[in-house]
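To start, the structure itself, in structure tokens.
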Amino acid sequence: MDVELIEIQEFLAAHPPFDQLPDETLARLARNLRVRYIRRGQPFPPERSDPPCLYVLRRGAVELRNGRGELVGKLAEGDLCEQYCRQDQDPSPLQGHTAEDTLAYALPCAELAQLRASCPNFAEHFEQSTARRLRRALDVVVESPSIGNGLMTVRVRDMIRHPPIAAAPQTSIREAAHLMSEHHVSSLLIMDGEHLVGMITDRDLRSRCIAAGLSTDQPVRAIMTERLTTVDADTLGFQALLTMTRLNIHHLPVIEDGRVIGLISSTDFTRLQSANAIYLVSDIQRADSMTTLAQISSRIAELQVQLILSGATATQVGQAISAITDAITLRLLELAESQFGAPPVPYAWLLGGSQARREQSVYSDQDNALLLADVLKPEDEPYFAEFAQFVNEGLHACGFARCPGEVMASNPKWRQTFKIWNRYFSDWILKPEPMALMLASVFFDMRALRDPQGLCEELHERIIEKSRANRIFIAYMAANALKHRPPLGFFRNIVLIQGGEHDHTFDIKHRGLIPIIDLARVYALSTGIRENNTAERLQTAAERGALSRDGAADLIDALELIATLRMRHQTDQLRQGKPPDNFLSPDALSPLERRHLKDAFVLINTMQEALGQRYQTGRFT
């Protein structure tokens, strides 16, 4: 075989789906392909030169436009133009023109059909929808070596060591203690028939009974904890541990089909001795100074590296980093109260952005605020000014950069009473100006970290109802959500950053993740969804009929794929001793990853177009 044919064969072997063909088939294919050269600005495929063909771009670029002349896609090296071989071909196919001098390989559709018949793996590519290819791509990207029975793979049901030990609410405290001692357990479920109504622990026996001087003849309901957090039996151990870490609890009842099947405790996680990095939280809770917290937080980057290398997905890493950031913030709040004294009025520390959504990476800045009770007096304000400054400086010392837009509690504008916060949201909803929409995008994701009086919950209920009832505001938010567009054809110079520090890269966060986050926020506001995590918002939107189940599943898959590639990019930078960022070079991706990423971008663009048509966003731009 001559050099040119060898080069064609090697090119095909490096690009899907031809990488599924055996070498002998590729060699034969290389000899049978027709090479086409088309000058810039010419129709693509070349007119009257070929029967219907599958085209593989070897070099150059092609723009695809619909019947209205709108740009709907771009093709570059390694891309396929397969619409002319599709059985479900649109009677008005896309029109292509070369954006630069282009070299392509043409494979007649009849020969393509023979290849599909002889190689099922090759054929599968053409039989799958974009959504199905994306779902399979996600499986490939997050695939990693097995890590045994670690928390990343084990289910909660597999951590249960014995059937639930339970007692009735009327059982005396003495009998309950005897039961716990007999079974060598540190906690006891309180069941009313088959209904879980509470739980007691060794700590409850000490603090609520013995230390309080309560008679052990009293029923156990007198000391039980009634409001319990539970976990589904199929939850991953890693996720259950994150829940316990975030809520600072040590026991989780396990539920299957509405029935209690057991209980797991912090001891069970220690027993597994896996993903030990998550126990950073224990060190954080014991830290007695800002300096100690800063030393502990320096290990967060290593945590992300360990999790990614062990096969964690972006969702799992995001939950882990967010849980640790929560713990650091909570400890700083406790240290602030210790230094400045008890707060003069109730407050809620509000989180915004990726921390609020539990989607953080190691490269995150601060978004926070203070919600104060309306009984605040002028003489109380200096306390909270010092308090907020202490916490924001502490977070900065721990590696969480100050917000460039000053959306932090140390900014007096974001340290306000309930009444003023309620007015803020009302103004944003009633007067959706550009700045209002930007702020709404931050604060409509808010979550309270410390809120003993439930101030945030009450405010959240009000603003959710206000926003849901205002269709014009939702339409403006939808239009705002369409400003961040995925970089279709992102590997071409025309859409990559030109020059400077980030030359020949694209921002995978703002061009990939933010469009999905914005879509999910619009669905949440339009249907009154209270969840703030992006995937949870999309799932709930589908359950409420605001979004098709397939659409939600596809967006969640796209979110996971893009976020995981971003996390891996940052992990590579950390391992090289570089500061992490969001600027990804397409050269760092394999041809398969580039194709799958483009599938994700196409899907996002389709969902954006659907949202724009629903709310006629052209009127609000």
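The values are calculated or read from the model by the stated rules, or taken from the named source; none is laboratory data. It should be emphasised that the depicted structure is a prediction, and the values quoted were computed from it without experimental measurement. Reconstructed Cβ throughout: ideal geometry from the backbone, glycine too, with neighbour counts over all protein chains shown.
Just checking: which of the strands (runs of 3 or more DSSP E) contained wholly in segment 1-93 hold 3 or more residues that are at pLDDT 75 or above?
34-38, 53-65
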*Starting from segment 469-485, take each residue that is touching a residue at least 12 places away in the same chain (Cβ under 8 Å) and list its partners that are part of a loop (DSSP other than H, G, I, E, B), counting only C-beta distances under 6 angstrom and pairs at least six apart or across chains.*
Phe473/Pro432; Tyr476/Pro432; Ala479/Thr621
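Would you mind stating whether Glu531 is within 20 Å of His460 (Cα to Cα), without any contact (Cβ under 8 Å) to a residue 12 or more places away in the chain, touching a helix residue (DSSP H, G or I) at 6+ places or on another chain (Cβ under 6 Å) and in the same structural domain as Gln608 (by TED's automatic domain parsing)? Give the derivation first.
On the way: within 20 Å of His460 (Cα to Cα): yes; without any contact (Cβ under 8 Å) to a residue 12 or more places away in the chain: yes; touching a helix residue (DSSP H, G or I) at 6+ places or on another chain (Cβ under 6 Å): yes; in the same structural domain as Gln608 (by TED's automatic domain parsing): yes.
When the stated conditions are applied, Glu531 passes them.
Yes/no matrix, rows are residues, columns are (1) surrounded by 22 or more Cβ atoms within 10 Å (Cβ to Cβ); (2) among the aliphatic types (A, V, I, L, M); (3) modelled with pLDDT of 85 or more:
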| residue | (1), (2), (3) |
| --- | --- |
| His484 | no, no, yes |
| Asn493 | no, no, no |
| Ile497 | no, yes, no |
| Gly500 | no, no, no |
| Thr505 | no, no, yes |
| Lys509 | no, no, yes |
| Gly512 | yes, no, yes |
| Val522 | yes, yes, yes |
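Quick check on Ala240: is it surrounded by 19 or more Cβ atoms within 10 Å (Cβ to Cβ) and out of contact with any strand residue (DSSP E or B) (no Cβ under 8 Å at 6 or more places or on another chain)? First the steps, then the outcome.
Numbers: surrounded by 19 or more Cβ atoms within 10 Å (Cβ to Cβ): yes; out of contact with any strand residue (DSSP E or B) (no Cβ under 8 Å at 6 or more places or on another chain): no.
So Ala240 fails the test.
Scan segment 345-355 and tell me whether some residue there is in a helix (DSSP H, G or I), surrounded by 24 or more Cβ atoms within 10 Å (Cβ to Cβ) and assigned by TED's automatic domain parsing to the domain that holds Leu561.
Filtering segment 345-355 down to residues in a helix (DSSP H, G or I) leaves 353-355.
From what is left, the residues that are surrounded by 24 or more Cβ atoms within 10 Å (Cβ to Cβ) are 355.
Adding the requirement that they be assigned by TED's automatic domain parsing to the domain that holds Leu561 leaves 355.
Within segment 345-355, one or more residues are in a helix (DSSP H, G or I), surrounded by 24 or more Cβ atoms within 10 Å (Cβ to Cβ) and assigned by TED's automatic domain parsing to the domain that holds Leu561.
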*asked:* If I ask for residues that are part of a helix (DSSP H, G or I) and crowded, with 16+ Cβ neighbours inside 10 Å, which ones from segment 178-221 would you list?
replied: Leu179, Met180, Asp204, Leu205, Arg208, Cys209, Val220, Arg221
_Any residue that is within 26 Å of the chain's Cα centre (by Cα), part of a helix (DSSP H, G or I) and in the same structural domain as Gly454 (by TED's automatic domain parsing) - is there at least one of those in segment 397-412?_
yes
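Please work out if Leu597 is out of contact with any Lys or Arg (no Cβ under 6 Å at 6 or more places or on another chain), among the hydrophobic types (A, V, I, L, M, F, W, C) and modelled with pLDDT of 90 or more. I'd like the intermediate steps shown before the answer.
Numbers: out of contact with any Lys or Arg (no Cβ under 6 Å at 6 or more places or on another chain): yes; among the hydrophobic types (A, V, I, L, M, F, W, C): yes; modelled with pLDDT of 90 or more: no.
No; evaluated as a whole, the condition is false for this residue.
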*Could you please let me know if Ala440 is crowded, with 22+ Cβ neighbours inside 10 Å and modelled with pLDDT under 90?*
yes
*asked:* Any residue at all in segment 443-456 that's out of contact with any strand residue (DSSP E or B) (no Cβ under 9 Å at 6 or more places or on another chain), of a type in the set (Gly, Ala, Ser) and either in the same structural domain as Ala356 (by TED's automatic domain parsing) or exposed (fewer than 13 other Cβ atoms within 10 Å of the Cβ) (or both)?
replied: no
